[in-house]
Structures are given as structure tokens and as C-alpha cells.
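J.: Okay, here's the structure, questions in a sec.
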Amino acid sequence: MPVPDQDSLVSVLQHKIGTVGNILPGQLGKATIQIESALNRKVIQILLENDDGACIIALTGLDLGEKIGLMYHIRTKGLVVTVKTEVSKEDPKIATITDIIPGANFHEREAADLLGVVFEGHPNLSRLVLPEDWPKDLYPLRKDAKLEGVSSKLADSQCNTQPEVKMQQSQTDSRLVNIIVGPQHPALLEPEKFSLKVDGETVMDVEPRIGYVHRGVEKAAEQRTYLQDVYLIERICGICNSCHALTFVGAVEKILKTEVPDRARYIRTIILELNRLHSHLLVLGHAGLEIGYETLFQYMWRDREPIMDLTELLTGNRVISSSMTIGGVRRDLKEEDVPKIKTQLAILRKKMDFYQNLYRNERSLKMRTQNVGILSKDDAIKLCVVGPVARASGVLTDVRKDEPYAAYGEIPFKIITRTEGDTFARLIVRLDEIDESINIIEYTLDNMPSGPYRVRVPRIVVAGEAVNRVEAPRGELFHYVKSNGTAYPERVKVRTPTFANIPAFLKTAIGGSIADVPANFVSLDPCFSCTDR
Amino acid sequence: MKSLTMWARLKSPWVLHFNSGACNGCDIEVVALLTPRYDVERFGIKLEPSPRHADVLLTTGVVTRQCAERLKRIYDQMPEPKFVVAIGACACSGGVFKGNYTVLGGVDKVVPVNAYIPGCPPKPEAIIDGVVKLLSSLESSKPEAKTSASA
Amino acid sequence: MARKLTVSPMIKRVFSHLFTKPATCKYPFVKAEVPDDFRGKQVFDISLCVSCGLCSRDCPAKAIEMVEVDGKRRPLFHLDLCVFCYQCAESCPRNAIKSSVFFELAVIDKSTLVIKPESSLQNVSGAQ
Amino acid sequence: MIKRVIDFWLFFRVLVFPGFTFILFFTLFCDWVERKIEARMQNRVGPAVAGPAGILQPLADLIKLLSKEEIVPTNAKKRFFRITPVLAFSIMVFAICFLPIDGSSAISSSGFAGDLIFVMALVTIANFLLFVSGWASSNPYGAIGASRVLTQFLGYDIPLFLLALTPAFLAGNLALSVIALSQYKFIPFIILTPWAFVLFIITLQAELEKDPFDIPHAESEVVGGLETEYGGGRLAFLHLTRDVQIVLGAALVVTFFLGGPYGPVFFGFPEFWYSLWFVLKVLGVVVLTEYITCLFARLRIDQVLTANWRILLPLSIVSLALTIAMVTWVYPLVI
């Protein structure tokens, strides 16, 4: 996808939106458009007409004293365009855009939950992230929110001895049975609740209730220094933790305009690709567990252990690598480790032939995954899904190619896409991406530059704001960081890939049979600690 | 007869895993225990689907407000000789997220905990070491003193 | 529909595993080999410490508390809070906090997880 | 007044050797073999701590479960909840007593003409009781798991019966001991009708709820299936019922197709060798079913039902017809 040069996009925006709001090219991605809050629908409509592949990346809300700032970050032609508006704090009302871009549904519900902005016309503005018994008018992300007294009260809702499943007739239609897949479920690693309305075998409606793993990371990030924030942000998700660290660190480096040495960029690429390898192997094995293929789960996770050992060798911990820091990497890549990495990757590459053969020939596996949860290409674009879920439906989106970071600009690799868009395609895309990642690591190891791997960085960050995107194993990960000249960030916004992919599961599950729900669900590679933050 | 049931309890500790708000770093290490490299089935440990079947509750993650009541309910549903192992810094004390508005802190604020395994995340061997230490502490202490664990 | 009869490779692989050695490391009976720069329990050397408090200020989990020990302020490590990121070792000007590969830290009662400064001198030797 | 001397030999046969104790310990041994083989096929070690090479692991599980606290949920159907697991287990063990283990069945004079059908009926009743236990626990997952047991079991019962008729037809008699004996004199029926053997193994795979037909125990859809609400002693009996059913299924395969307990006798009295052959053959079949389990993923419930009604049922009828055709026309010419 040819990256348009800055002027053509900005000139198009100037021509179409010039009269309505002023355009600041180069700020917050390709360009920032400041407009009145009433014009948000019109501007986004214009952006959509300009590029039908446009979709919303994130909706950042921040407390500006007496006003609440809202920023729609839109991705057109692979680049970020930010639409900035402001809403007064007394009656924070703005028109919804879910009818134009259905993918914005969750983003608006979260902004309503945490900042108290009311989106008129939004189909269902209920609680998304905060617990049910959270006091009504207390919005945590506002600066003046008093949060001390709340956290100690232990909510004691009705406590019956039944395991967490209620099977009751739904009020609307007697035939519909309401099955709740409760927070504690052996097959799901994390707590989240889906209440499925089932008519016989087909699923009529899925109502997700997330927020069980909401630890308030964005609020906590405002109370810690930038150095401590790297470790906090990294622990949003255990599986893709180096991606979170790099996105945050990259955003701060954009504000500080520090020049990261080449060797650090190459080491970061290796650590990210190792992370992608272990995450993809994990989900392919977990898919085996969900569809009852115990042997595949055991083999996949056995072959994943050498990758964890490599991460441990390079960074000192199997899972949370803690290797990124503002200005470079914390540890150098020792010369005697390079041959170890190469031998392990060669072994893994040989083993992947077996899995490629298995996934394409095992009859019972194909029966469980083919034509399950089909997501068409334009649905994928309308719902703004990212990563392997989008690539399996034929949408060509990969941050490593659209806006190269770390050393991806200098490394030749290809994006893997398929067209079927069903569970089988999503698993195969991940399977092929493993081979691609091995090539990337080997290429990076071969032409690893020498020189420093870290640059000194001041503790006080100059005032400014920046956005940064990284291609995490599950998809495009987006961070927005605003600094106010002190050692503590003003606002950190994190939009994780699973947050964008859940609407895809809701759309594909409805109409399918209930027996398909586990296979469809795991092909999404959901990570709820990412989604809830 | 008493030593026979004690031998049986030590040799087949069935495990239930509940994540009450973790970054799933510890959860993938707990699931990695079942895989060929660590294979806790050597010690008779089986991952059980329902609280009714389990003896040891492996909890990971900082207890969020929403999960606190679920954790309490699951602990109540487990039949009597039951133990709780807190895995990872978050479960032991809240770790990096301590003090946030939806975080209650460690698991011991909701259920009595018998063994703590620090680490972020602890290596699978450290989790096995924790379970082995828990089992050997049962062996030494008298059977009836084991469930009145330090709150 | 005449589909080419695809034989799943699993048939051969599963059968062959009956005769291959299981890929299990016999952990508690065999010591686990760990790379030498693994981030295990940190070791504090009280002689190098100049009680500047940088470590407790930079700790992301606020797991280091400065306590009075015979007149001087020394860091007290809460291992249940600690996330073993070694930021303290990095920001200590005198390198008084060193790394060790000791990871079997499971305990039954929580109070043993608080490492007091003066006792940390003995456990420098008794750490492994 | 019926004067009956208490026949101690009968007590010994029913209670100890080929009877209850032997079956119980043989079931535990088969469970250990199954877990070890499954672990070895998944490149793991499997139980290794309880007793030498973990052989006492099933026994440890059993004793631990028996010593746990008994919880009866408030809104469960108390009477059914308490007795059905034990009842299901005892019926299953009673069914095994009819199979010839060491030359003659456990209850020595029990081989009557139609005991093949009687054993099949007992297995059906035991599985129905499993359904009742799932329904009695009044837990939503229990109800779903129980209804799945019923749909799968009743679906696969008919092909199982049809395929069980093949050896009966070959031996010309419905008595199990006669079927086994005729194979000893002649040649094992697996050579005569290999297709029936293959189909019987597949149907057995569905009977015993093993992959790829493992719906009632699907953790991802139906948390604990019908065992969700059970804990302690009753759970032990539910697990035992499932393990005894595996041994019974394997024993049926052995009796129908592999010549029952009979095999070459070397020295000493034949009962010892017969029971040894019986144990070895059953272990062989258990390993075979375990191998098939590790090969496949779990099918969806609608795929399982279509596989049963559209593929397995017609095939079993065809196999019966083929057997009849072969026996009346081809075999007399050959032999």
C-alpha cells in the first residue's frame, strides 16, 4: 500500500475541511483537525468519503480543567489523523458516530464510563469497564474525582451457592434461553462474562460484560513518574508486554524527540518478534484446548518453551521482559547468545512444517474451524478490527508496514492475508506469521549494528503530546501520551487490539450455533487484561 | 487410617485456577505447568473444571472489586479440606497495581491464603516449589490445624 | 465430493511419541538450570549503601521502604510487593543491590517475605 | 425349606477373584494405564509420585475423594442426588460379572442364552442413571451435560446392538460364553469380520465419550458436565462408573472379536492363563481406544449426531448384511 506523502492527504483535508476547522499538519500523527463539537459527525463523514477504508483507532478523552477534550483518532490509508473537539464539563453532550462507524460503539461507552461524556443517540450507554456497584456520578479519569474512600467498600451482592451460571427464561421471548458463560470458566484463562440468548442451538444475541480485570491503569499512570510508568504499562498484559512498553516508550521519545541508537532499535525488533512467536504459539495451542484437541495443545506449548527460554536468556524473565526503557534497551545483546538463538529458531522452523501439514490435513480440526464465525471484508472495515482477525478477512493493515517503527523499515518481510475470514483463516494467518517472524529475527541478527544501546534521558519530560502505534501479536496497539513539563504524565490513553476485536466476535457469534462459540471465541485471541486495562 | 487419607490427600491435590484480575502473565505460567516440560500430573495434580472437585485454589492477579465477590463464592463452594495458593506479586499483595481505585489488594483480603509465591510472574518451577512446600507443610502440621490458616 | 484423502500427520507422530523420551524436566528432584543473568531475588550489600533512598524512590511497586537501622536509613525489601524488575539495582549509584538467580521464594507465612537490611547481610551468604 | 449350603466357592468367585475386588483393582489399573499412555503420547510423564511409577495414583484419587466433605446443594433432588452414582457403579460392575473372565463368568452358573442382550441392557440402564444424576444436581451445566449424555448414548446404542449381533450370528448363539468358546475352537471373529470390529471400535469410542465424540465432558462448553455439582465420595463413584464402563467396553470387544479369555495354555491349571489372556487383551483394546482419543479434535454436537444417524447406522446395517452374506455363501466354500 503506497504511503501517500504528507502533502496529498493534508491538501485533501485542507480543501475539504479547510473552512470548518483549522488543520495542523504533522501533529498527533499525520494531521490534527480542531473543530467545534457539533461538527464531529460531518468531519468524520468527509474522512470516510475520502477513504472508505477509514476506521476509528481510539477515542481519547481528557480533563482540561473546565472543559473535557475529545480526540477521535482515525486511520486513513494507514496513517493517523486526529479530530480534536472540546465539550463543556457541566453538560458534556456530543453526537454519537456509531451509525457512521459501528466500530466506535465500545470507544464511546468507555469514554462515557470513565469521563462522563454523554453520546446522544448511542444504542446502549451502559457500564462497560467499571464495576456495577460503582457510584453513579463518580468519573475516575477526571482530575477532581475523589477516589480514596471508594476502593475499600467490598460490594456484597447476592451470594448463592450455585456455580456462576443462571439459566433462566429471558423476559422478552419465552423460547429464548439465557445462558451465561460466567466469569469463572475452566476454558477461559481470564474472567469475563458473556450472556448468550439461545433459541434451541442458534445464538440470537450476545451481551458481553467485561471489566472484571479493570485495574485502572490509565489513572495509575498519572500518579507515577515516566520511569515507573514503563513498568506499570508493561504489566497491562502479560503476553504482549514488550509491545505495551515499546508503544509507551516510543510516544515519550516522540515528545522528547530523542534519537534512539540503531543497535537499540534492532534489539527491540528481536524482542518484539520473540514476543509475537510465543504469543502466536500460545493461541494456536489454546485453540486446540478449546476445540478439545488436547494433543495439539500439549505439542504446541512444548515447542513454545524454547522461545520462552530465549526471552529469558535475553531479558532475564520468561514472560515480562522489562527490557524497554526511554532512550533504548536496558540490556545489550551478548555475542555468545546469537548462535543459541539461531539454533533454537532453526529447530522451531523445522517443527512448523509439521503444524502447517497438520492444520491443513487434519479432518476433525478442519470440521471444527472451517466456515465458523465468518467475518466479511467490509464488516471487518466497518467494525474497525485489527491484526490477524482483519488480515484473515482480506483487510491489508499492518503497522509494521504502514508506519514502520523500531527497525521494521529496513527489514524485508511480507504481510500475510487470507480472504475466507473464518476461524480456520485466522489460525492459518497466525501460523504463517510465525514463519515470517523467524525470518525477521534471523535477518535482524545477521545485520545487527554495533554501537551504544541506550541514551541518557532527562527525568522531567518537556510539555507536549504524541501518539504511537505498534503491531502487537493481536493487532494494532495505540498509545496517546500527554506531558505537562513535570516528571508525571498528564494523560496516558491505551487502546489495545482486543478492545477493537470484540465487536467482531459479537457480530460473527450471532446466528451461529452455540457449539461454535468456543472455536470462534478463541480464534479472536482475546486478551481481557488488555481490554479492561 | 488417618495416615492413609493424609497420604491420599498429599498424592492427589486437584487444582482449580481462578484469575481475579491478573495481567495473565501468571495464568500462562500456571497453564504451562500442564504442558510436557513441567507436567505437574507427575504429582497427581489435575486442573479441575468445577470448584466442587478441587482441593487447592490457585489464585492469580490482584483482587478487583468485581472479582472479590466471585472469589469469595468460589472459595465457599469448595469442599472442606481446601487450601489457597496466591501466585505472583499481584496475588500476594497487589504488586504494581496496589492503590488503584478498583483494586482491593492481595488475595488474603478476601480468602485465607495458605502459601504465597512471589515473582512477576514466578517461574513454573517456582510454582511447583510453592505447591510442594504447601503439601509438605500439611504433612508436618496436624491435619485439623491446616485449614485455620493465617487470614 | 471427491476430496483427496489427506492423512493427518498426527497418526504417525502420536504413535512415535510412545517410544520417544518424554520432554519433562524432573524439576524438584533435578535442579533447574537458569541463565546467569536471570532476575531472581536481589541481594543487598549494606557496606556499599550510602542510604541515598534513590532505590525506594524509583521502585515502580513501592516495595522498598527506608527504615532506621543503627542510626542510618537503609532499604527494607517487601518481596511480596516486589516485581523483580531490578530498577533499584540500576538506579543505585553505588551498585549496593546485586542480582541473584535464586527464584524459589515460595513461603507459607507472609512475614518472612519482608527482608530487613541488617538481616540482609547474613542472607547474602545464605541466599542460594 | 430350601436347604442350601453356603457355597464359599461362589462367595470367593463373586466377591474376590473374577468378581468385585478383581474388577475394582483392574479398573484402577486400567485407569492408570490410560493416564500413562495418554501422557506418553503427549510427550509427558504422567502420574509418577504415588507408588512405583505412579501406579497407585487412581487409588490415591479414590481415597482422597472418599475422605472429602460431602456437599448436597440446597435445591438438588436429595434422594436421587445421593444414590444414583453408587447405583450406576454397581449396575456396571454387575454387568461385567457376566463376561467370561477366567474361562467361566464371575457368577459361575450365570451364562444363559440371552445374556448378551441382558448385558447391553444393563449398560443402558447405568448410562440412564448417569443422566438422572446429572438432572438431580439441578445445576444448569449438570442439566446440559446430562441431556448430552442421553442424546449421544441413545444415538449410539442402536449401531452398537446391530454390531454386537455380528459375532452372535457367527457363533449362532446369544450367550456370551458360547460366543467366546466358539471363537476359541474356530478362529477369532476379527479375522472373519474385520469391518464389524472397526465399526464396533468407533461406536465404542462414542459410547465411552472419548474424543472425537467427547461432548458430555467438553470443558469449554459444559464446565463439568453432569459432574459439576458432585464432590467427594459421589464424584469418586461417577469417575469409577466411567472407568468401569471403559473396562466393560474393552471386555465386550475382547469377548466378541478377540476370542474372549481363551488363549494357548502352557502349564498349570488353565484358569490362571485364561485370566492372564483376558487382562492382556483388555489392556490392548484400552490402549487402542486411548490412541484414537489422542488423534482427533472434539466434534460439534450436530456433527456427532449426523455422523451417527447418517453414517454409522447405515454402515452397521450394511456390515450385518455383509456378514450374513459372507457366512451363508462364501465361508462354507473357503473353510
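The values are calculated or read from the model by the stated rules, or taken from the named source; none is laboratory data. What you see is a predicted model; the values in this text were computed from it and never measured. Quick reminder, even Gly has a Cβ in these numbers, built from the backbone with ideal geometry, and neighbours come from all protein chains shown.
J.: Here are the criteria: (1) surrounded by fewer than 23 Cβ atoms within 10 Å (Cβ to Cβ); (2) at pLDDT 90 or above; (3) within 11 Å of chain C (Cβ to nearest Cβ). Tell me which single one B:Ala149 does not satisfy.
T.: Going through the list (1) surrounded by fewer than 23 Cβ atoms within 10 Å (Cβ to Cβ); (2) at pLDDT 90 or above; (3) within 11 Å of chain C (Cβ to nearest Cβ), B:Ala149 breaks only (2).
J.: Then there's this: Among the numbered conditions (1) of a type in the set (A, V, I, L, M); (2) away from chain B (no Cβ under 14 Å); (3) closer than 22 Å to B:Asp55 by Cβ, tell me where D:Ile63 comes up short.
T.: Here D:Ile63 meets the rest and fails (2).
J.: Shifting gears a bit: Tell me, yes or no, whether the range D:239-259 has at least one residue that is in a helix (DSSP H, G or I), at pLDDT below 85 and either over 20 Å from D:Glu34 (Cα atoms) or among the aliphatic types (A, V, I, L, M) (or both). Give the steps one after another, and end with the answer.
T.: Keep residues of the range D:239-259 that are in a helix (DSSP H, G or I), which gives D:239-257.
Then keep just the ones that are at pLDDT below 85; that gives none.
Scanning the range D:239-259, I find no residue that is in a helix (DSSP H, G or I), at pLDDT below 85 and either over 20 Å from D:Glu34 (Cα atoms) or among the aliphatic types (A, V, I, L, M) (or both), so the answer is no.
J.: With the structure loaded, tell me whether D:Ile317 is assigned to a helix (DSSP H, G or I), in contact with a Pro (Cβ under 9 Å, 6 or more places away or on another chain), among the hydrophobic types (A, V, I, L, M, F, W, C) and surrounded by fewer than 17 Cβ atoms within 10 Å (Cβ to Cβ) or whether it fails that test.
T.: Values: assigned to a helix (DSSP H, G or I): yes; in contact with a Pro (Cβ under 9 Å, 6 or more places away or on another chain): yes; among the hydrophobic types (A, V, I, L, M, F, W, C): yes; surrounded by fewer than 17 Cβ atoms within 10 Å (Cβ to Cβ): yes.
Against the criterion (assigned to a helix (DSSP H, G or I), in contact with a Pro (Cβ under 9 Å, 6 or more places away or on another chain), among the hydrophobic types (A, V, I, L, M, F, W, C) and surrounded by fewer than 17 Cβ atoms within 10 Å (Cβ to Cβ)), D:Ile317 qualifies.
Here's the yes/no breakdown for (1) away from every other protein chain (no Cβ under 14 Å); (2) closer than 25 Å to A:Leu310 by Cα; (3) of a type in the set (Lys, Arg):
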| site | (1), (2), (3) |
| --- | --- |
| A:Ile434 | yes, yes, no |
| A:Asn439 | yes, yes, no |
| A:Arg469 | yes, no, yes |
| A:Gly475 | yes, yes, no |
| A:Thr498 | no, no, no |
| A:Phe505 | yes, no, no |
| A:Gly512 | no, no, no |
| A:Val517 | no, no, no |
| A:Thr531 | no, no, no |
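J.: Identify all residues within the range B:98-127 that are more than 9 Å from chain C (Cβ to nearest Cβ) and either aromatic (Phe, Trp, Tyr) or at positive phi (or both); write none if there are none. Break it down stepwise before answering.
T.: If we filter the range B:98-127 for residues that are more than 9 Å from chain C (Cβ to nearest Cβ), which is where we start, we get B:100-105, B:107, B:109-112, B:121.
B:Tyr101, B:Gly105, listed by residue number.
J.: Going by what's in this entry, would A:Gly387 be described as small (Gly, Ala, Ser), touching a residue at least 12 places away in the same chain (Cβ under 8 Å), within 30 Å of A:Ala519 (Cβ to Cβ) and touching a strand residue (DSSP E or B) at 6+ places or on another chain (Cβ under 8 Å)?
T.: Numbers: small (Gly, Ala, Ser): yes; touching a residue at least 12 places away in the same chain (Cβ under 8 Å): yes; within 30 Å of A:Ala519 (Cβ to Cβ): yes; touching a strand residue (DSSP E or B) at 6+ places or on another chain (Cβ under 8 Å): yes.
In short, yes.
J.: Also, I was wondering about something else. Determine, yes or no, whether A:Asn371 is assigned to a helix (DSSP H, G or I), of a type outside the set (A, V, I, L, M) and surrounded by fewer than 19 Cβ atoms within 10 Å (Cβ to Cβ).
T.: Values: assigned to a helix (DSSP H, G or I): no; of a type outside the set (A, V, I, L, M): yes; surrounded by fewer than 19 Cβ atoms within 10 Å (Cβ to Cβ): yes.
The answer is no for A:Asn371.
J.: Within the range D:66-102, count every residue that is over 12 Å from D:Ile125 (Cα atoms) and more than 14 Å from chain B (Cβ to nearest Cβ).
T.: 16
J.: Let me ask something else. Against the condition free of Cβ contacts under 8 Å to residues at least 60 places away in the same chain and either closer than 27 Å to D:Ala218 by Cα or surrounded by fewer than 18 Cβ atoms within 10 Å (Cβ to Cβ) (or both), how does D:Val253 come out, does it pass?
T.: Details: free of Cβ contacts under 8 Å to residues at least 60 places away in the same chain: yes; either closer than 27 Å to D:Ala218 by Cα or surrounded by fewer than 18 Cβ atoms within 10 Å (Cβ to Cβ) (or both): yes.
Judged against the criteria, D:Val253 is a match.
J.: Another question about this same structure. Residue by residue through the range B:88-99, note down the ones that are surrounded by 23 or more Cβ atoms within 10 Å (Cβ to Cβ) and either under 28 Å from C:Pro28 (Cα atoms) or at pLDDT below 90 (or both).
T.: B:Gly88, B:Ala89, B:Cys90, B:Ala91, B:Cys92, B:Ser93, B:Gly94, B:Gly95
J.: Also, I was wondering about something else. Select from the range A:230-259 the residues that are more than 10 Å from chain B (Cβ to nearest Cβ) and acidic (Asp, Glu) and write down the one among them that is surrounded by the most Cβ atoms within 10 Å (Cβ to Cβ).
T.: A:Glu253
J.: For the condition over 20 Å from B:Leu16 (Cβ atoms), of a type outside the set (S, T, N, Q) and in contact (Cβ under 8 Å) with a residue 60 or more places away in the chain, what is the one hit in B:Lys123, B:Lys98? Reasoning before the result, please.
T.: Working: B:Lys98 fails: in contact (Cβ under 8 Å) with a residue 60 or more places away in the chain.
Of B:Lys123, B:Lys98, the one residue that is over 20 Å from B:Leu16 (Cβ atoms), of a type outside the set (S, T, N, Q) and in contact (Cβ under 8 Å) with a residue 60 or more places away in the chain is B:Lys123.
J.: Turning to a different aspect of this structure: Please work out if A:Val217 is within 10 Å of chain B (Cβ to nearest Cβ) and either in contact with a Cys (Cβ under 9 Å, 6 or more places away or on another chain) or farther than 26 Å from A:Leu431 by Cα (or both). If you could, list the steps in order and put the result at the bottom.
T.: Values: within 10 Å of chain B (Cβ to nearest Cβ): yes; either in contact with a Cys (Cβ under 9 Å, 6 or more places away or on another chain) or farther than 26 Å from A:Leu431 by Cα (or both): yes.
So A:Val217 fits the description; yes.
J.: Another question about this same structure. Quick check on my filter: what residues within the range A:313-339 are touching a Ser or Thr at 6+ places or on another chain (Cβ under 9 Å) and assigned to a helix (DSSP H, G or I)?
T.: A:Leu314, A:Thr315
J.: Just to be sure, is B:Ile45 of a type in the set (Val, Ile, Thr), under 13 Å from the mean Cα position of the chain (by Cα) and in a helix (DSSP H, G or I)? Explain how you work it out, then say what you get.
T.: Working: of a type in the set (Val, Ile, Thr): yes; under 13 Å from the mean Cα position of the chain (by Cα): yes; in a helix (DSSP H, G or I): no.
No: the conditions fail for B:Ile45.
J.: So, one more: Where in the range C:1-103 are the helices (runs of 4 or more DSSP H), entirely inside, with at least 1 residues that are under 30 Å from D:Ala48 (Cβ atoms), out of contact with any strand residue (DSSP E or B) (no Cβ under 9 Å at 6 or more places or on another chain) and within 11 Å of chain A (Cβ to nearest Cβ)? Don't jump to the end; show me each part of the working.
T.: Values: elements: C:10-17, C:54-58, C:87-91.
Once the helices (runs of 4 or more DSSP H) in the range C:1-103 are filtered for at least 1 residues that are under 30 Å from D:Ala48 (Cβ atoms), out of contact with any strand residue (DSSP E or B) (no Cβ under 9 Å at 6 or more places or on another chain) and within 11 Å of chain A (Cβ to nearest Cβ), what remains is C:10-17.
J.: Working only within the range D:115-138, note down all residues that are under 23 Å from D:Val223 (Cα atoms) and in a helix (DSSP H, G or I).
T.: First, pick out the residues of the range D:115-138 that are under 23 Å from D:Val223 (Cα atoms): D:126-138.
The answer is D:Ala126, D:Asn127, D:Phe128, D:Leu129, D:Leu130, D:Phe131, D:Val132, D:Ser133, D:Gly134, D:Trp135, D:Ala136.
J.: Does D:Thr306 satisfy the condition of being in a helix (DSSP H, G or I), among the polar types (S, T, N, Q) and under 23 Å from D:Thr166 (Cβ atoms)?
T.: On the way: in a helix (DSSP H, G or I): yes; among the polar types (S, T, N, Q): yes; under 23 Å from D:Thr166 (Cβ atoms): no.
Answer is no for this residue.
J.: Is it true that some residue in the range D:204-216 is touching a helix residue (DSSP H, G or I) at 6+ places or on another chain (Cβ under 7 Å), assigned to a loop (DSSP other than H, G, I, E, B) and hydrophobic (A, V, I, L, M, F, W, C)? It would help to see each step written out before you state the result.
T.: At the first step, the residues of the range D:204-216 found to be touching a helix residue (DSSP H, G or I) at 6+ places or on another chain (Cβ under 7 Å) are D:204-213, D:215-216.
From what is left, the residues that are assigned to a loop (DSSP other than H, G, I, E, B) are D:208-213.
From what is left, the residues that are hydrophobic (A, V, I, L, M, F, W, C) are D:208, D:213.
Yes, the range D:204-216 has at least one match.
J.: Return yes when D:Glu229 is within 14 Å of chain B (Cβ to nearest Cβ), part of a loop (DSSP other than H, G, I, E, B) and either polar (S, T, N, Q) or surrounded by fewer than 24 Cβ atoms within 10 Å (Cβ to Cβ) (or both) and no when it is not.
T.: On the way: within 14 Å of chain B (Cβ to nearest Cβ): yes; part of a loop (DSSP other than H, G, I, E, B): yes; either polar (S, T, N, Q) or surrounded by fewer than 24 Cβ atoms within 10 Å (Cβ to Cβ) (or both): no.
Here the answer is no, as D:Glu229 does not meet what is asked.
J.: Quickly run through the range D:321-335 and pick out the residues that are closer than 20 Å to D:Leu199 by Cβ and not polar (S, T, N, Q). Walk me through it before giving the result.
T.: Step one: of the range D:321-335, the residues closer than 20 Å to D:Leu199 by Cβ are D:321-327, D:330-331.
Within the range D:321-335, D:Ala321, D:Leu322, D:Ile324, D:Ala325, D:Met326, D:Val327, D:Val330, D:Tyr331 meet the criteria.
J.: Among (1) over 13 Å from the mean Cα position of the chain (by Cα); (2) more than 7 Å from every other protein chain (Cβ to nearest Cβ); (3) in contact (Cβ under 8 Å) with a residue 60 or more places away in the chain, which single condition is B:Val63 missing?
T.: (3)
J.: Follow-up. I'm trying to understand the selection: among the residues of the range B:101-142, which are of a type in the set (Phe, Trp, Tyr) and surrounded by 24 or more Cβ atoms within 10 Å (Cβ to Cβ)? Walk me through how you get there before you give the answer.
T.: Keep residues of the range B:101-142 that are of a type in the set (Phe, Trp, Tyr), which gives B:101, B:116.
Result: B:Tyr116, single match.
J.: Among the helices (runs of 4 or more DSSP H) confined wholly to the range D:5-114, which include 2 or more residues that are within 23 Å of D:Gly231 (Cα to Cα)? Before you say what the answer is, go through the steps one by one.
T.: Working: elements: D:8-11, D:20-41, D:57-66, D:78-96.
Counting at least 2 such residues, we get D:20-41, D:57-66, D:78-96.
J.: Which of (1) in contact with a strand residue (DSSP E or B) (Cβ under 9 Å, 6 or more places away or on another chain); (2) over 18 Å from A:Met324 (Cβ atoms); (3) of a type in the set (Val, Ile, Thr) does A:Thr486 not meet, given it meets every other one?
T.: (1)
J.: For residues that are part of a loop (DSSP other than H, G, I, E, B) and either crowded, with 20+ Cβ neighbours inside 10 Å or modelled with pLDDT under 90 (or both), tally how many sit in the range A:183-222. Steps first, please.
T.: Residues of the range A:183-222 that are part of a loop (DSSP other than H, G, I, E, B), as a first pass: A:183-192, A:200-201, A:210-216, A:222.
Remaining after also requiring either crowded, with 20+ Cβ neighbours inside 10 Å or modelled with pLDDT under 90 (or both): A:183-192, A:200-201, A:210-216.
Residues in the range A:183-222 being part of a loop (DSSP other than H, G, I, E, B) and either crowded, with 20+ Cβ neighbours inside 10 Å or modelled with pLDDT under 90 (or both): 19 in total.
J.: Right, another one. What number of residues within the range A:384-431 satisfy the criterion of being surrounded by fewer than 18 Cβ atoms within 10 Å (Cβ to Cβ) and in a helix (DSSP H, G or I)?
T.: Summing the residues that are surrounded by fewer than 18 Cβ atoms within 10 Å (Cβ to Cβ) and in a helix (DSSP H, G or I) in the range A:384-431 gives 3.
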